[in-house]
Each structure stands twice: as structure tokens, then as C-alpha cells.
1. Hey, can you tell me all the residues within the stretch 41-56 that are open to solvent by 60 Å² or more (accessible area, probe 1.4 Å) and in contact with a helix residue (DSSP H, G or I) (Cβ under 7 Å, 6 or more places away or on another chain)?
2. Among the residues of the stretch 58-65, is any surrounded by fewer than 17 Cβ atoms within 10 Å (Cβ to Cβ), of a type in the set (K, R), in contact with an Asp or Glu (Cβ under 9 Å, 6 or more places away or on another chain) and over 25 Å from K157 (Cα atoms)?
3. Select from the stretch 66-77 the residues that are among the aliphatic types (A, V, I, L, M) and open to solvent by 10 Å² or more (accessible area, probe 1.4 Å) and write down the one among them that is nearest to A48 (Cα to Cα).
4. Given the conditions (1) on the phi < 0 side of the Ramachandran plot; (2) over 15 Å from the mean Cα position of the chain (by Cα); (3) open to solvent by less than 30 Å² (accessible area, probe 1.4 Å), which single one is not true for V125?
5. Scan the stretch 140-179 for residues that are open to solvent by 30 Å² or more (accessible area, probe 1.4 Å) and of a type in the set (G, A, S) and report the count.
6. Does the stretch 78-121 hold any residues that are of a type in the set (V, I, T), buried (at least 22 other Cβ atoms within 10 Å of the Cβ) and free of Cβ contacts under 8 Å to residues at least 60 places away in the same chain, and which are they?
7. When I68 is evaluated against the numbered criteria (1) in contact with a Leu (Cβ under 8 Å, 6 or more places away or on another chain); (2) over 25 Å from P120 (Cβ atoms), which criterion, by number, is the only one it fails?
8. Tell me, please, whether a residue that is aromatic (F, W, Y), touching a residue at least 12 places away in the same chain (Cβ under 8 Å) and over 18 Å from A31 (Cβ atoms) can be found in the stretch 62-77.
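The values are calculated or read from the model by the stated rules, or taken from the named source; none is laboratory data. All of these numbers come straight from a predicted model, not from anything done at the bench. Glycine also receives a Cβ, built like all others from the backbone with ideal geometry; neighbour counts cover every protein chain displayed. In case anyone asks, the SASA skips ligands and DNA or RNA and just uses the protein heavy atoms, side chains included. Shrake-Rupley method; radii C 1.70, N 1.55, O 1.52, S 1.80 Å.
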Amino acid sequence: MVTPKEFWNRRAPGYDASSGVTYAKTNQKTAQLALKYLKEDDRVLEFACGTGTIALQVAPHVERYRAIDISDGMVALARDKLARAGLTHVQLSQTDLFDPGLEEGGFDAVLAFNVLCYLPDRAQVLERVCALLRPGGMFLSATDCLGEKFTWAGLKKFWKSRTGRMPYVAFDTMQELERAVAAAGFDVLERENLYPAPPNLFLAARKI
């Protein structure tokens, strides 16, 4: 089976021309919703930052922005984008959420866009997110909920994940995903579906 790093490295060169175009309006809406919960002096961590699409829109509005991804191909593309935009305060690196260099309680907000459905260890990831946030910190996410309704995109991912052509994929309903976030120690403040099929659920959740 292909590893997550291998899969996303393969996707990286054409990612912006495919998913980036298809979900351009969704990404803009995601950034707008996230900015409602962020302040100028915030310390923000985005994990699974991909090619930097959201970082490019959000980072100019906060004091510190740490962006990480397991794919060095994605990180290289994000680094080029951010450099061209002059966002020198963004710290970008190829690593994962369990990097011991990430300080527990060191962030005002953690962002996770279009990644939660690809995490077989999601409960542990959400526990780690909670630990990284200061008391009252915000967890902002947007996630495809492939179990909400039948879609051809969901069927393709189901087949690819079961045949080893792509890593794990979860098939949650929107309610199931929200419950998982709440169970990890968060109070969900806002929810909005950003895409018709498959549904892409934005959640704004505060650490309890």
C-alpha cells in the first residue's frame, strides 16, 4: 500500500491545477470563516498545509504562523508561494503533528483543512491538537464527509483506499465528525457545509 507521504508527494505537482481549481471558492470561504476566530497577535499552527493555499490567505492577518506537512513536495510548493507573497513570518517545515518541537499549549489556534478524513489515528490526532492549544484556543477544520451521501468522488476514494492505491479514507457523516471533535475536548461553536457533494464540513471549536 502506498504511504501517505508517497501519495501526497505524487499529488503535489498537479494539485493546484486540479483540486485547487475545483475547490477555489470553497478554500476562499474556508479562509474567511477561519479569520472570524483569529486575532492579529495569535500564534497559529496549520498542519497538513499542502501547497499553502490557506496559509497564503490567513497568515497575513496573524502574528505567528507555523505551517507543516508530511509531504516535502507540498512543502516545496508552499514555500515558493509564501516567498513570492513576502510572508517572511511564516515558519514552514516538513514534519508531522507529533513533532516534539511543537510546544504543548503554545498555540492560540490550530488549523486542519481537508485532512481529518485521511487520518486512521484521528482520535490521537485530536488529542494532540487539544494539547497543543492554550486553554480556550480554537481548532478550525474543514473536512469532506464522504459518509453523508453517495458521490462518485467518494466511490473512487473508497475503491482506491481498499486496493492500496491511496492511504486510509474515512467515511463519516457530518454529525459523526462533529461528535468526534467534541469528544476530544472541544465546544463546537460553528458548523457550515461548504460544498454540495461530497459535503465539506467547516467546524469552529474551542478547547474546553
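1. In the first step, residues of the stretch 41-56 are kept if they are open to solvent by 60 Å² or more (accessible area, probe 1.4 Å); the result is 41, 43, 56.
Residue satisfying the conditions is L56 alone.
2. The answer is yes, given that some residue of the stretch 58-65 is surrounded by fewer than 17 Cβ atoms within 10 Å (Cβ to Cβ), of a type in the set (K, R), in contact with an Asp or Glu (Cβ under 9 Å, 6 or more places away or on another chain) and over 25 Å from K157 (Cα atoms).
3. From the stretch 66-77, those among the aliphatic types (A, V, I, L, M) are 67-68, 70, 74-77; that's our starting set.
Right, trim to open to solvent by 10 Å² or more (accessible area, probe 1.4 Å) and you get 70, 76-77.
Numbers: I70: 7, A76: 13, L77: 13 Å.
So the residue we want is I70.
4. (2)
5. We begin by selecting, within the stretch 140-179, every residue open to solvent by 30 Å² or more (accessible area, probe 1.4 Å); these are 147-150, 152-153, 155-160, 162-163, 165, 168, 171, 173-176, 178-179.
Going one step further and asking which of them are of a type in the set (G, A, S), we end up with 147, 153.
Result for the stretch 140-179: 2.
6. Taking the stretch 78-121 and keeping what is of a type in the set (V, I, T), we get 88, 90, 95, 110, 115.
Checking the rest, the ones that are also buried (at least 22 other Cβ atoms within 10 Å of the Cβ) come to 90, 110, 115.
V90, the sole residue that qualifies.
7. I68 satisfies every listed condition except (2).
8. If we filter the stretch 62-77 for residues that are aromatic (F, W, Y), which is where we start, we get 65.
Narrowing the set further to residues that are touching a residue at least 12 places away in the same chain (Cβ under 8 Å) leaves 65.
Now restrict to residues that are over 18 Å from A31 (Cβ atoms): none.
No.
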